[in-house]
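Please read the structure below before turning to the comments.
The values are calculated or read from the model by the stated rules, or taken from the named source; none is laboratory data. Please read all numbers here as calculations on a predicted model, not as lab measurements. Please note: Cβ atoms are built from the backbone with ideal geometry, for glycine as well, and neighbour counts cover all protein chains shown.
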Amino acid sequence: MAHKKKGLGGGKLQSTPRTTRSEDISSFFPDHAAVQGDRRHSKMAPASDGTPASSPSCSPGPPETEETSIRDILRSLPTKEDMEALMRRMETAWESRWEHMSQDVLHLGSRIQGLEDSKDQHDDRVLALEQQVSAHSKYFTQLRRDLDDVDNRGRRNNLRIRGFPESQGPTEDIPALLRSLINPLLQRPLDAPLLFDRAHRALKAKGTPSSAPRDIICRLHYYVDKERILMASRNSNFQDRLGNPLQVFPDLSWTTLQARRALRPLTQILQDRQIKYRWGYPLSLTTIIDGESFFVSSPEDITPLTSALGVAPLTIPDWFAVPSATPNTGQIRSQRSRWQTPVKRRKPPQRSSDSPLHPLPTTPSSCG
C-alpha cells in the first residue's frame, strides 16, 4: 500500500483535460434559446415557475358564471303555459285559414256549377242550330234543284252546234247557215222554212283563226223541230259542206253540266258494260240492271247501283249541296311593326280665296 502511495506521490502525473458533461452531450439536445422559446410558446407552464398552475377547482370565477348561464337558459325555456298559448294561436290561425279555404272552395263550386249549367245550355243551343242548319241545307238543296230545273226548262228548245268554222267577215247570217245545214239533215228542201227565235255564237270573245270556233246556240220556235234535229244528228254523220264534222248537244245549265261531270265515273262503268241509261230533269239518271230499275237523284242513291253492278262504292260529292266554307288554317296574319306603319300624309292647308298667290320656288332639275 505504501509503495503504491509512494509511486503516486513521488512522481508528478500529467492530468488529462477534463471535459464538461455539457460539451459531451450538447450535440444531443437542442439549443437553450430554442428551448426557452418553445417554453414561451408552449401552453404548459414552465416547471421552474414556483407559481402554482391555475385550475378550475382553485379559480373562484368560472363556476359561478356557468351556473348563472345555465339558470338563464333554464329560465328562457318556454313553459307549459307558453306552449299551450302557442298551440292556441296556431289553432286560431289554422281555423281562419281553413274557413277562408272552405269559402273559396264553395265559391269555386258554385262557379263550376254555373259553368256546367251554361255549358248544357250551349250544348242544347248548338244541337238546335245544327239541326236547323241541316234542315236549311236540305231546303237549300231542294231550291237549287228546282232552280236548275227552271233553268233547263227555259233552255229546252235550245241547241248547241259545235265545230262550224267562223267566217272572217265582220258579220255572218247564222239563221241562213243553220237552214242550209239542218234541212239536208232532216231530208228537207234547202228552202224549207225553219223558224228560229234566235241564233248566235257563244257569248265570248272571238279567238284567233287557228283556235277552235265558238259554238252556235240557237233556239227553235217549236220543240218538235229541236227533238227531230237532235235525233237525226245522233243517227247520221252530221257534216258541213266542207266536210267538217259537227256535233249537236242540248243546251244545258252550268249546274247540270257539273253534276254530269261528277257522275262521270258511274256513267263510264255503264258504258263499258253497254248498259243503257237515260238522263232526267231535274237532274237524275235512270237505268235498268237485271230487270230492276235504278233511279239516281242524289249521292245516297249511288250505293245500291254500285252494289248491283258489283263494283266498289264510288265517292261522288253532292252536286247540289251547299258549298262548305273555307276551313280556317289557324294562321295569324303577321302584323307590321310600329316603325313599318306608313305615315298618313297630311292634307295641305287650303288657301283662302282672298290670299295673294305666290309663285312656286324654282328648283334645279336633276339633269342639270
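The table that follows gives values for the structure above.
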read-out	value
Conditions (1) surrounded by 11 or more Cβ atoms within 10 Å (Cβ to Cβ); (2) within 46 Å of the chain's Cα centre (by Cα); (3) at pLDDT 90 or above: number failed by TRP254	(1)
Boolean, GLN331 is of a type in the set (S, T, N, Q) and modelled with pLDDT of 90 or more	no
Yes/no for ARG264 being of a type in the set (D, E, K, R) and in the same structural domain as LEU195 (by TED's automatic domain parsing)	no
Boolean, LEU194 is assigned to a loop (DSSP other than H, G, I, E, B) and modelled with pLDDT of 90 or more	yes
Residue list for the stretch 215-231, restricted to those being within 17 Å of ARG179 (Cβ to Cβ), surrounded by fewer than 16 Cβ atoms within 10 Å (Cβ to Cβ) and either touching a strand residue (DSSP E or B) at 6+ places or on another chain (Cβ under 9 Å) or of a type in the set (Asp, Glu) (or both)	HIS221, LEU230
Residues satisfying the stated conditions in the stretch 252-291, i.e. closer than 29 Å to ASN183 by Cα, in contact (Cβ under 8 Å) with a residue 24 or more places away in the chain and out of contact with any Asp or Glu (no Cβ under 9 Å at 6 or more places or on another chain)	none
Residue match in the stretch 157-166 (condition: closer than 30 Å to SER253 by Cβ, within 38 Å of the chain's Cα centre (by Cα), modelled with pLDDT under 90 and not small (Gly, Ala, Ser))	no
Residues located in the stretch 282-324, provided they are exposed (fewer than 13 other Cβ atoms within 10 Å of the Cβ) and in a loop (DSSP other than H, G, I, E, B)	ASP290, GLY291, GLY310, ALA312, PRO313, THR315, PRO317, PRO323, SER324
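Residue-by-condition table, conditions (1) among the aliphatic types (A, V, I, L, M); (2) closer than 30 Å to SER298 by Cα; (3) modelled with pLDDT under 90:
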{"residue": "SER54", "(1), (2), (3)": "no, no, yes"}
{"residue": "PRO78", "(1), (2), (3)": "no, no, yes"}
{"residue": "MET83", "(1), (2), (3)": "yes, no, yes"}
{"residue": "HIS100", "(1), (2), (3)": "no, no, yes"}
{"residue": "VAL126", "(1), (2), (3)": "yes, yes, no"}
{"residue": "ALA135", "(1), (2), (3)": "yes, yes, no"}
{"residue": "THR141", "(1), (2), (3)": "no, yes, yes"}
{"residue": "LEU147", "(1), (2), (3)": "yes, yes, no"}
